[in-house]
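The values are calculated or read from the model by the stated rules, or taken from the named source; none is laboratory data. What you see is a predicted model; the values in this text were computed from it and never measured. Neighbour counts are summed over all protein chains in view; Cβ atoms, including those assigned to glycine, are modelled from backbone coordinates with ideal geometry.
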Amino acid sequence: MLKRKYNQEAHVFFIDNDDSYIRDVLAGFEEVNEHNVKIYSRSKEFFEDFIDVEPSKRKVVIVFLATTLETDAENNDIDVIEVLKKIKQINPLSEVILYSEDDDINLVSSAFHYGAYTFIKKNENIILRIENNIKGIISQKTFLVKKNSSRIITIIFIVFLILTSITILFLYFLFPQLFAF
């Protein structure tokens, strides 16, 4: 079977204090090398690199964000919602997917409120869910880019038809002898 190739540049980030878990998960992910995948155990390190990724409609940016992150200097847990807000502030076009072992409905609903794309439960199907979400987001972004390109081409064609019609009418009134048979 032929693999579908995507024309879009994809950046996939994972932020999880248990980065060994993500490395094990990604070992089963066949297409990991087709995407620009980076794993971070600390959100601070992530943001240092994430600032350099310029927002673009042609560039797909997907951030997988664990609901339990590292602790700060005062031994307080880093708030996942604050990390999500900062991601969306830096790059509003990025898609953020939360994942966790438990279903904290309050956290998940808050995350959706602040722009999370979806939530994935850490279980035996996580590899499949990661793959499907990445492919789905890339496919969706590709469709939107093609739709916008198609819209621009249609507008250019309509403008061309209007200008051609105006030119023909102009020539008809200035030089009627050209149109006499």
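Only one of (1) at positive phi; (2) part of a strand (DSSP E or B); (3) not basic (K, R) fails for F64. Which number is that?
(1)
Name the single residue that is nearest to Y114 (Cα to Cα) among those in region 60-75 being without any contact (Cβ under 8 Å) to a residue 12 or more places away in the chain and not polar (S, T, N, Q).
Of all residues in region 60-75, those without any contact (Cβ under 8 Å) to a residue 12 or more places away in the chain come to 71-75.
Right, trim to not polar (S, T, N, Q) and you get 72-74.
Working: D72: 22, A73: 26, E74: 26 Å.
That would be D72.
In region 82-134, what count of residues is obtained for those that are closer than 24 Å to I51 by Cα, part of a helix (DSSP H, G or I) and under 15 Å from the mean Cα position of the chain (by Cα)?
Residues meeting the conditions: 8.
Yes or no: I168 surrounded by 10 or more Cβ atoms within 10 Å (Cβ to Cβ) and modelled with pLDDT of 90 or more?
Numbers: surrounded by 10 or more Cβ atoms within 10 Å (Cβ to Cβ): yes; modelled with pLDDT of 90 or more: yes.
Spelling it out, I168 is indeed surrounded by 10 or more Cβ atoms within 10 Å (Cβ to Cβ) and modelled with pLDDT of 90 or more.
Note down all Cβ pairs under 8 Å where the first residue falls in region 76-104 and is more than 22 Å from K141 (Cβ to Cβ), the second is hydrophobic (A, V, I, L, M, F, W, C) and part of a loop (DSSP other than H, G, I, E, B), and they're at least six residues apart or on different chains.
These pairs meet every condition: D77/L69; I78/L69; V80/L69; V83/L69.
Return yes or no: is N132 of a type outside the set (D, E, K, R), surrounded by 10 or more Cβ atoms within 10 Å (Cβ to Cβ) and under 28 Å from D24 (Cβ atoms)?
Numbers: of a type outside the set (D, E, K, R): yes; surrounded by 10 or more Cβ atoms within 10 Å (Cβ to Cβ): yes; under 28 Å from D24 (Cβ atoms): yes.
For N132, the condition - of a type outside the set (D, E, K, R), surrounded by 10 or more Cβ atoms within 10 Å (Cβ to Cβ) and under 28 Å from D24 (Cβ atoms) - is met.
Do the conditions hold for D24, that is, is it assigned to a loop (DSSP other than H, G, I, E, B), among the acidic types (D, E) and in the same structural domain as L84 (by TED's automatic domain parsing)?
Numbers: assigned to a loop (DSSP other than H, G, I, E, B): no; among the acidic types (D, E): yes; in the same structural domain as L84 (by TED's automatic domain parsing): yes.
Here the answer is no, as D24 does not meet what is asked.
Given the structure, is F181 aromatic (F, W, Y) and part of a loop (DSSP other than H, G, I, E, B)?
Numbers: aromatic (F, W, Y): yes; part of a loop (DSSP other than H, G, I, E, B): yes.
Answer is yes for this residue.
Looking for whichever is without any contact (Cβ under 8 Å) to a residue 40 or more places away in the chain and surrounded by fewer than 18 Cβ atoms within 10 Å (Cβ to Cβ) here; the options are K38, K57. Which one fits? It would help to see each step written out before you state the result.
On the way: K57 fails: without any contact (Cβ under 8 Å) to a residue 40 or more places away in the chain.
Just a single option satisfies the conditions, and that option is K38.
State all residues of region 1-35 that are at pLDDT 80 or above, among the charged types (D, E, K, R) and surrounded by 15 or more Cβ atoms within 10 Å (Cβ to Cβ); if no residue qualifies, say none.
Answer for region 1-35, where residues must be at pLDDT 80 or above, among the charged types (D, E, K, R) and surrounded by 15 or more Cβ atoms within 10 Å (Cβ to Cβ): just D16.
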